[in-house]
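Encoded as structure tokens, the structure appears first; notes follow it.
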Amino acid sequence: MTSNRGQSAMPIGRRLLLLSVSALAATLPMAGFAQAATLTTIDYATESSGNAMMNNMMKVCSDQTGITIDRQAVPYPELVQKVLQAASSNSLPDLILMDNSDAAQLADGGIIVPITDVGVDLTGFNPSIIQVGAYKGKDYTMQAGVNTLALWYNTDMFKAAGIANPPTTWEELKADAKKLTSKGVYGLSFPAVATEEGTFHASPFIWSNGGDFQTLNSPQNVETLNYIAGLLKDGSVSKSVVTWAGDDANDQFISGRAAMMIGGSWHLKNNEKASIHYNIVSIPTPKAGEQVKVPVGGEAWAVSATADKGNAKTFLDCLAQDPVVLKWAESGNYVPSKASVLDQFRKDVPDMVPFIGSTAGAVSRTSVLGIAYPKYSAAFSAAMQAVLLGTKDAKAALDEAEAAATGK
Amino acid sequence: MVLTVDTIKAPDTTRVRRKFNLRRRLVPFTFMAPAIVFLIVMFGYPLFYNLEMSLQHVTVGTFLTGIAPFVGFDNYTDLLSDPLFISSLQRTAIFTVLSIVGQMSIGMGLALFFWRAFPFSTAIRAMMLVPWLLPLVVSATIFRWIFDLDAGVLNYLLETLNIIQDPIPWITSVDYAMPATIITNIWVGIPFSMAVFYSGLQSLPKEILEAAHLDGATSWQRFWRVILPMLAPLTGVVFTLSVTYTVKVFDLIYILTAGGPANATQTLATYAYQLSFRNLDWGHGAAIGNILVVISLCFAVFYLRSFKKSLAAEDV
């Protein structure tokens, strides 16, 4: 695979010649196209608008570099399985666009290689976003944009309840949520389903209070769960949150059954069409004036172990250019990872501004726990559900979760 | 295999009988060969692979390198000291027993109900099959909505009828989630047992039932002493198939509650999924998979033996 590096800049005539020559070597399965500057990619943008956006972005860099992209999209829950399947049959895609939290697993298995080994230039990228895809001290991903969580609130309901400003502290959030609750309307909605989504949406509360997922039963975490459980006890949050995924919580918000929501920037596209009036601010912190800590999601590029590194670098370098990063962020409602394009981005997509401030406090879910993270996350979400429903005391539930996660 | 007059007239009947028996035993195997080959390739291999995986430490890297250290029965012994595995096993047992009791008794009741034809009974019976025809994903999603705490139709109905004062947290409470899941699974399973029992009832010899009736047996006695014993082999079939289906129910639970809240509906199937596909811990996941296979196998053996017995009984 190394002999044809840098084919991208070749004139079309020579590429055709090469194509016909390599076609003669038909005994090599798939080699003909792969060598003549084709990259296979896999992503999870199966939903129609995301799919169209991906095709557009791929085309931009395909036109610019001359590398043909053979793109495959699978639903998110299947992505890692699909990649592993491909690994076991020696047909790994060259580039993998995955959720940054999957990077640790794939890096640990040697499925993806450090992005720095490939030589992709990451200067100008926000370091707190780069570290999200780090594993054992090495950076594995190039993430052009991230999405994150914020507090969405229904402005009409705030006006009706006589609340002038959105909450900025936990205390205000609790008081406002209670005030906004009436028959058929809950003050706040968020997903707390027993999957990664539940942990993800609780993490701003865990981290902003000084806790983490490495030690599940820390006093800070006990305090955090007691705080969230208090919202349910007040009646400001429906007990149904334990069955809600992100979209369910959002449905409650846009249908006017919840006055506030902890939700991600990915809801913007859908919610712009909603009939309610809303605004978005940073998630409240325990005390006033603190930087909120948030998880970041969104798609990160990684290069597979079997990829043609030269072509991969060429293509990712194209995606890392300022105008491409900006376009990517604007069409996918991501916060761009490069400070150099933020000014333009603020002008173009004012709705995203509250999310920009939050990403300064981006925390990686997986860079410390690595491959053990899913186990901790599962144990945590089970504990959180028990505490939210009032069946277990926070300390006891988290002690149990810690024991389950550490296997002691 | 044609019985000629000669064989029948043959003097040494025992020898012929033995030979005949041998042929009778061998011939089916040649007919079965294609099926056996198919079974080995399509079912035997995955089973073997799963068994192999459960004895190894499988990591993400295994898929690339093929290297997975052999760990013997460590994965199984780990499970025995895992409280979540033990409680999942218990929940699987409760889920299976109650689901099957519900499915079979209601299925039988409905079969008896439709047995005596009444106007539109065929049409209604056909409609009863709908739960069976719906994809589980659809049924489970509908039930999620039915059970919803605030906007669910079930709570609305019960409140309107003044049966309850406060909404029941069907799938949002650790106490109600399992009953709600079982109710859903019973609803899904009723059509199957009803259809099988109904066809069984149709084939019952009318004269025996009439004789019982004439002898003055009450309808209760006719059911317990005549109908049920005659349906025994069929009951065995329904029971075994229901058990093997129920112990491994995954999609229904996963959509309804995702194993929650707080693991309240975590069964072996959902836990195996969580281990394999969320924690990427395939060794332990495969071990649970095999335990499920063994449980199903026990019931299958039980079924085959009772089936054989009933065949032998018919031979006599």
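The values are calculated or read from the model by the stated rules, or taken from the named source; none is laboratory data. If you're wondering where the values come from, they're calculated on a predicted model, not measured in any experiment. Cβ atoms come from the backbone with ideal geometry, glycine included; neighbour counts cover every protein chain shown.
Exactly one residue out of A:144, A:45 is modelled with pLDDT under 90, within 14 Å of the chain's Cα centre (by Cα) and closer than 13 Å to residue A:315 by Cβ, and it is A:144. Screening segment B:131-212 for helices (runs of 4 or more DSSP H) wholly inside it with 1 or more residues that are out of contact with any strand residue (DSSP E or B) (no Cβ under 8 Å at 6 or more places or on another chain), of a type in the set (Lys, Arg) and assigned by TED's automatic domain parsing to the domain that holds residue B:116 returns the ranges B:136-146. Just one of the listed residues (A:233, A:293) is closer than 18 Å to residue B:172 by Cα, touching a residue at least 40 places away in the same chain (Cβ under 8 Å) and of a type in the set (Lys, Arg), namely A:233. Of note, residue B:100 satisfies the criterion of being more than 14 Å from every other protein chain (Cβ to nearest Cβ) and not charged (D, E, K, R).
Inside segment B:160-183, can you point out the residues that are within 13 Å of chain A (Cβ to nearest Cβ) and over 24 Å from residue B:96 (Cα atoms)? Scanning segment B:160-183 gives B:166, B:167. Looking across A:185, A:193, A:237, A:222, one residue alone is within 30 Å of residue A:330 (Cα to Cα) and either under 24 Å from the mean Cα position of the chain (by Cα) or aliphatic (A, V, I, L, M) (or both). It is A:193.
The residues on offer are A:387, A:341, A:363, A:335, and the sole one that is over 20 Å from residue A:291 (Cβ atoms) and away from chain B (no Cβ under 14 Å) is A:341. Set side by side, the residues B:241, B:292, B:252 differ, and just one is within 22 Å of residue A:240 (Cα to Cα) and more than 12 Å from chain A (Cβ to nearest Cβ), which is B:252. Tallying residues that are without any contact (Cβ under 8 Å) to a residue 24 or more places away in the chain, more than 21 Å from residue B:227 (Cα to Cα) and surrounded by 13 or more Cβ atoms within 10 Å (Cβ to Cβ) within segment B:96-120 yields 1. Mind checking whether some residue in segment B:223-235 is within 14 Å of chain A (Cβ to nearest Cβ), surrounded by 18 or more Cβ atoms within 10 Å (Cβ to Cβ), out of contact with any His (no Cβ under 6 Å at 6 or more places or on another chain) and not in a loop (DSSP other than H, G, I, E, B)? So far as segment B:223-235 goes, no, none of its residues is within 14 Å of chain A (Cβ to nearest Cβ), surrounded by 18 or more Cβ atoms within 10 Å (Cβ to Cβ), out of contact with any His (no Cβ under 6 Å at 6 or more places or on another chain) and not in a loop (DSSP other than H, G, I, E, B). Of all the listed residues (B:301, B:294), the sole one being over 20 Å from residue B:185 (Cβ atoms), at pLDDT 90 or above and either in contact with a Lys or Arg (Cβ under 7 Å, 6 or more places away or on another chain) or surrounded by fewer than 17 Cβ atoms within 10 Å (Cβ to Cβ) (or both) is B:294. Each residue in segment B:259-286 was checked for being part of a helix (DSSP H, G or I), at the interface with chain A (Cβ under 8 Å from one of its Cβ atoms) and surrounded by 24 or more Cβ atoms within 10 Å (Cβ to Cβ), and 1 pass. Taking residues in segment B:57-84 that are within 13 Å of chain A (Cβ to nearest Cβ), and partners anywhere that are of a type in the set (A, V, I, L, M, F, W, C) and loosely packed, with under 11 Cβ neighbours inside 10 Å, the pairs with Cβ atoms closer than 9 Å and at least 6 places apart or on different chains are B:57/B:70. Going by the conditions given, is residue B:144 among the basic types (Lys, Arg) and at pLDDT 90 or above? Yes, satisfied.
For residue B:61, the test of being surrounded by 11 or more Cβ atoms within 10 Å (Cβ to Cβ), outside the structural domain of residue B:284 (by TED's automatic domain parsing), under 32 Å from the mean Cα position of the chain (by Cα) and of a type in the set (Gly, Ala, Ser) is failed. Of all the numbered requirements in (1) in a strand (DSSP E or B); (2) modelled with pLDDT under 85; (3) among the β-branched types (Val, Ile, Thr), residue A:40 misses one, and that requirement is (2).
Listed conditions (1) within 14 Å of chain B (Cβ to nearest Cβ); (2) part of a helix (DSSP H, G or I); (3) modelled with pLDDT of 90 or more; (4) surrounded by 20 or more Cβ atoms within 10 Å (Cβ to Cβ) are all met by residue A:102, apart from (3). Evaluate the following for residue A:153: is it in contact with a helix residue (DSSP H, G or I) (Cβ under 9 Å, 6 or more places away or on another chain), within 14 Å of chain B (Cβ to nearest Cβ) and not small (Gly, Ala, Ser)? Judged against the criteria, residue A:153 is not a match. Annotation note: of A:309, A:347, A:395, the sole residue that is among the basic types (Lys, Arg) and within 29 Å of residue A:166 (Cα to Cα) is A:347. Within the set B:94, B:36, B:124, the sole residue that is within 19 Å of the chain's Cα centre (by Cα), more than 30 Å from residue A:373 (Cα to Cα) and either within 14 Å of another protein chain (Cβ to nearest Cβ) or β-branched (Val, Ile, Thr) (or both) turns out to be B:94.
Counting only helices (runs of 4 or more DSSP H) wholly contained in segment B:67-128, the ones carrying 3 or more residues that are under 25 Å from residue B:223 (Cβ atoms) and either not aliphatic (A, V, I, L, M) or not assigned by TED's automatic domain parsing to the domain that holds residue B:219 (or both) occupy B:83-115, B:121-128. Within segment A:263-280, does at least one residue satisfy the condition of being within 14 Å of chain B (Cβ to nearest Cβ) and within 17 Å of the chain's Cα centre (by Cα)? For segment A:263-280, residues within 14 Å of chain B (Cβ to nearest Cβ) and within 17 Å of the chain's Cα centre (by Cα): absent. Suppose the filter is small (Gly, Ala, Ser), in contact (Cβ under 8 Å) with a residue 40 or more places away in the chain and assigned to a helix (DSSP H, G or I); does residue A:52 pass it? No; evaluated as a whole, the condition is false for this residue.
May I ask you to verify whether residue B:105 is more than 17 Å from residue B:295 (Cα to Cα) and at pLDDT 90 or above? The answer is yes for residue B:105.
When the residues of segment A:105-117 are filtered to those that are surrounded by fewer than 23 Cβ atoms within 10 Å (Cβ to Cβ) and not hydroxyl-bearing (Ser, Thr, Tyr), the one that is nearest to the other protein chains (Cβ to nearest Cβ) is A:109.
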